[in-house]
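As structure tokens, the structure follows; a few thoughts come after it.
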Amino acid sequence: MRTGFYAVMTELQAELATASEDIAVREAVLKSAMSDMKATLQGGIGASVLRAEHPLARHMIGFNAELAQLLQGWLDRVAKHDRTMAFRSGFTDSLVVFVLGKVKAGKSSLGNYMVYGNSNPDAAARASSRARFFTAATAGDQQDQANSAQPVDWFRVGVRETTSATQGFHLPGLTWIDSPGLHSTTWENGLLAADYADVADLVIYPMHTGNPGRTGDVAEIRGLLRARKRVLVVITQCDRPEEDEEPDGTIVQRWVMKDSAARQGQIDYVRHAVAEGGASIPLDVVSLSVRHAETHGNDPAALERSGVADFFRALTKIAHSEGVRHKQEAPSRNLNHFVGLLLGDDTGPEAFSVQAIRNGLVRLDRRLADVTKELDRGAERATAAVLRRIGPMVAEKIARYADNQDQDGFEQACTTALRHIVAEETGTTVLPLLAQTGAILPANDFARTAAFASMKIETVRIPRSNRGVRGAVGSAGGGAAGAWVGAEGGALLGTAILPGIGTTVGFMVGGALGALLGGIGGNAAGRATGSDWHETMQSGDNRAEVEASATEALQKAGSAGVAAFFENLHAATVAPVARDADRLTAKLDEFSHILATKVRSHG
């Protein structure tokens, strides 16, 4: 079986050498885009002028920390991808098989059997091998690098893991890589195993028959399948000791295979456990024991009983029918998987993605909306407080300046008082928010939206005349004169009518009538020479009008000043963060478009 498998691999060697897709252009585009994105992420979303304990400031600090962590994750991924591609470049003419599993799962025994037909070959067997062994130690581990420099020609079996080196061998058409072991005793070992799994055309995942399908193993296999890896699960050491009696009565122990039903049950269990995770990639599972095959001389019957024949048939099928295609697709598939991790459309637990940043920006946008609402509420409170204080302030100023009609002093005093009121009321809101207020507080220059009414004295016009005085004097003079003339005339008239008494009566009547007529005539003459006029007198001032107009104008100016202040505050706290977030969103869109259209293969 081994010989037939290697014959197939030798035939495929030339075909495999020409099948690798050249993805250098796509990788160059990726590196350029990553470089641009690195500069953007390093810039973050800027510093905050808010106090460090403010929720938005804390969120910004956390978001920038997430960006830094994500950037480092990307850079680590790029370094890992570059390392994987460099590693792969040495195996373009062979099918790369990576043996990945936990410590003591039977990886080394299986590797030795692939080369020598024996799980623990002796020196003589190792000397006859055509395989070329190699090691790759982790950087920075001087002892492991020294050990790796020693020539090796087999995989050690049954000893405590003491190296973090990845070991393997080359045979025509085949590169076999044996991992140090997942979840091994050294942290570097586990990382190295995960790194080199990415380069494989086929991953063989051994697990011990004593406990197949453990949760950790199933999770690892699901992760490989999500990464579009071809996986062959091998349940190892599927034999058990059984005592037998020789003809001479000696009791001996032989290794016999577990019954087929039990082995098939384990195969079905593993497939079912992996399938529960939604894996859709084909999964081959074989059950074997290389110990049983080799202890029976690797004869055909033993190979069939041991499951080794099934294992080689599975390998041959994969190599012959899928090997070239996998060799052709693996680099592109690995790059596509990497792009999927960056974009966040991979179904795995990878958090270092564009989508992770977008999710963070959504949370940031909610924080910005909260701060905007907080500022709006602060503006409403400050405006109401300013308006309440303006009326009493104007009343106090009008009482001080109106008596002296000091218009300029009144206006200046009101404007100065308004500045203090607005500064105090806005400061009540802003001081708990800002780390420093100097660059954000308003300039205290509030232009009035309407002029104050001008102060003036209120007067009334009272009518005046001297015509009454002059008429009385004329009336008295006219009456006297009239009386004398009338008396004389009356006497003459009385004497003529009735001498004696007539003279007397005539004098009296004539005098009275003459006095009356003379008074009327004298009054008319006196009024004709009099005059009329109006006298203006102070009745008060217009302070009520001035107070009303000043209150209205200052309330408009105060409202405008508070609004301008909070616009400045929004421009200093929310707007810069929003602009940085928009800039980052635009770069993410550009980066995602490049990855999706110029790096990812759609073939």
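The values are calculated or read from the model by the stated rules, or taken from the named source; none is laboratory data. Quantities reported herein were computed from a predicted structural model and do not represent experimental measurements. Backbone-built Cβ (ideal geometry, glycine too); neighbour counts: all protein chains shown. We work out accessible area using only protein heavy atoms, side chains counted, and drop any ligands, DNA or RNA first. Shrake-Rupley method; radii C 1.70, N 1.55, O 1.52, S 1.80 Å.
What to note about this one:
- Here the Karplus curve 6.51 cos²θ - 1.76 cosθ + 1.60, taken at θ = phi - 60°, turns the phi angles of the stretch 570-583 into couplings of 5, 5, 8, 10, 9, 4, x, 5, 5, 5, 5, 5, 5, 4 Hz, with x standing for Gly and Pro.
- Take the stretch 197-308 with all the other protein chains still there, run a 1.4 Å probe, and you get 45 Å² of accessible area per residue.
- Carbon/sulfur fraction of accessible area - the stretch 260-321, other protein chains in place, 1.4 Å, %: 55
- Calculated accessible area for the stretch 38-130 comes out at 42 Å² per residue, all protein chains present (probe 1.4 Å; ligands, DNA, RNA ignored).
- The GluC sites (Glu not before Pro) found in the stretch 399-431 include none that occupy coil by DSSP while having at most 14 further C-beta atoms within 10 Å.
- Only protein atoms count toward the accessible area here, which uses a 1.4 Å probe; on the stretch 1-121, the carbon and sulfur part of that area reaches 53 percent.
- Förster-model FRET efficiency, 51 Å R0, Asp376 and Arg461, C-beta, rounded to 0.05: 0.35
- The slack in the chain from Leu431 to Gln355, taken as 0.36 nm per residue of separation less the alpha-carbon distance, amounts to 23.7 nm.
- Carbon plus sulfur fraction of accessible area for the stretch 351-395, probe 1.4 Å, in percent: 53
- Per-residue 3J(HN,Hα) values for the stretch 221-232, derived from phi via the Karplus relation 6.51 cos²θ - 1.76 cosθ + 1.60 with θ = phi - 60°, read 5, 4, x, 5, 5, 5, 7, 6, 8, 7, 10, 10 Hz in sequence order (x marks Gly and Pro).
- At most 16 other Cβ within 10 Å, DSSP loop - trypsin sites (Lys or Arg not before Pro), the stretch 223-252: Arg228
- Per residue, the accessible area of the stretch 527-587 comes to 51 Å², computed with a 1.4 Å probe over protein heavy atoms only.
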